[in-house]
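The values are calculated or read from the model by the stated rules, or taken from the named source; none is laboratory data. As the structure is a computational prediction, the values presented were derived from the model and not from experiment. All Cβ positions, even for glycine, are placed from backbone atoms using ideal geometry, and neighbour counts span all protein chains on display.
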Amino acid sequence: MSRIAAVLGVGPGLGRALALKFAKEGMKVALMSRSLDKLEPVEKDIKEKYNGEAFSIPTDAGSEPSVKNAYDKIVEKWGAAPELFVFNAGSFTPGGILETSLEQFEKNLHINCTSAFIALKQVRSI
Ligand SMILES: NC(=O)c1ccc[n+]([C@@H]2O[C@H](COP(=O)([O-])OP(=O)(O)OC[C@H]3O[C@@H](n4cnc5c(N)ncnc54)[C@H](OP(=O)(O)O)[C@@H]3O)[C@@H](O)[C@H]2O)c1
């Protein structure tokens, strides 16, 4: 077991909570989402609260090359694949069919479904 966790979709909510929990359990944690400014405060919290190891990697879950690059960076940095990979990236648009545009629906579909498929392909070797 590598004791490495990866969380894709780290913002202020569930992703952050999971990342902190893994760090508390003594795991190294790779933090991924598109914006570094959402990742850095979580990395700081992990270091300050648990003296833990965290690594922020700006990643677009909707892009296979971006997710592959992030996964490769984790292996390169810590020398092993994560034993735990959480796919938490997502978007939710409140409202029913009549209030939701096709464009928004397709965006949600891409991040909530296609991106999960992309992420799963990367963790095939775990
Ligand atoms: N919190 C709840 O109680 C709850 C309950 C039920 C369902 N959910 C669902 O669970 C998911 C996560 O919830 P959460 O509370 O952790 O939300 P959150 O704090 O908003 O975190 C989700 C993160 O996903 C990232 N993300 C979105 N699109 C992305 C992309 N293309 N590539 C990489 N990262 C992306 C966003 O960061 P960037 O924009 O920086 O990329 C965001 O910070 C959401 O879909 C939410 O609707 C949450």
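When you go through 64, 106 one by one, which is the residue that is more than 17 Å from residue 7 (Cβ to Cβ) and exposed (fewer than 13 other Cβ atoms within 10 Å of the Cβ)?
Details: 64 fails: exposed (fewer than 13 other Cβ atoms within 10 Å of the Cβ).
Unique residue meeting the criteria: 106.
Take the residues of the range 1-34 that are in a loop (DSSP other than H, G, I, E, B) and more than 18 Å from residue 119 (Cα to Cα): which is nearest to the ligand (Cβ to nearest atom)?
Taking the range 1-34 as the starting set, the residues that turn out to be in a loop (DSSP other than H, G, I, E, B) are 1-3, 9-13, 25-27, 34.
If we keep only those that are more than 18 Å from residue 119 (Cα to Cα) as well, we get 1-3, 12-13, 25-27.
Details: 1: 25, 2: 22, 3: 23, 12: 5, 13: 2, 25: 19, 26: 22, 27: 18 Å.
Filtering the range 1-34 for residues that are in a loop (DSSP other than H, G, I, E, B) and more than 18 Å from residue 119 (Cα to Cα), the one nearest to the ligand (Cβ to nearest atom) comes out as 13.
Please state which one of 45, 37, 60 is part of a loop (DSSP other than H, G, I, E, B), within 16 Å of the ligand (Cβ to nearest atom) and at pLDDT 95 or above. Break it down into steps so the answer makes sense when it comes.
Values: 45 fails: part of a loop (DSSP other than H, G, I, E, B); 37 fails: part of a loop (DSSP other than H, G, I, E, B).
Going through 45, 37, 60 in turn, the sole match is 60.
Please specify each residue of the range 21-40 satisfying the condition of being touching a residue at least 12 places away in the same chain (Cβ under 8 Å) and more than 22 Å from residue 81 (Cβ to Cβ). If you could, list the steps in order and put the result at the bottom.
The first filter runs over the range 21-40 and keeps only residues touching a residue at least 12 places away in the same chain (Cβ under 8 Å), leaving 22-24, 26-36, 38-40.
Matches in the range 21-40: 34, 35, 36, 38, 40.
Consider only pairs whose beta carbons are under 8 Å apart and that are at least six residues apart or on different chains; among these, list those whose first residue lies in the range 79-102 and is at negative phi and aliphatic (A, V, I, L, M) and whose second residue is part of a loop (DSSP other than H, G, I, E, B) and surrounded by fewer than 13 Cβ atoms within 10 Å (Cβ to Cβ).
Pairs found: 81/126.
What are the residue pairs meeting all of these: first residue in the range 7-20, first residue over 11 Å from residue 38 (Cβ atoms) and in contact (Cβ under 8 Å) with a residue 60 or more places away in the chain, second residue assigned to a helix (DSSP H, G or I) and hydrophobic (A, V, I, L, M, F, W, C), Cβ atoms under 8 Å, and 6 or more apart or on different chains?
Every condition considered, the pairs that remain are 7/18; 7/19; 7/22; 8/67; 8/70; 8/119.
Taking the conditions exactly as written (surrounded by fewer than 20 Cβ atoms within 10 Å (Cβ to Cβ) and within 13 Å of the ligand (Cβ to nearest atom)), does residue 55 satisfy them or not?
Values: surrounded by fewer than 20 Cβ atoms within 10 Å (Cβ to Cβ): yes; within 13 Å of the ligand (Cβ to nearest atom): no.
Answer is no for this residue.
Which residues, counting only those in the range 73-95, are part of a loop (DSSP other than H, G, I, E, B) and either surrounded by 10 or more Cβ atoms within 10 Å (Cβ to Cβ) or within 16 Å of the ligand (Cβ to nearest atom) (or both)?
Narrowing the range 73-95 to residues part of a loop (DSSP other than H, G, I, E, B): 79-83, 88-95.
Within the range 73-95, 80, 81, 82, 83, 88, 89, 90, 91, 92, 93, 94, 95 meet the criteria.
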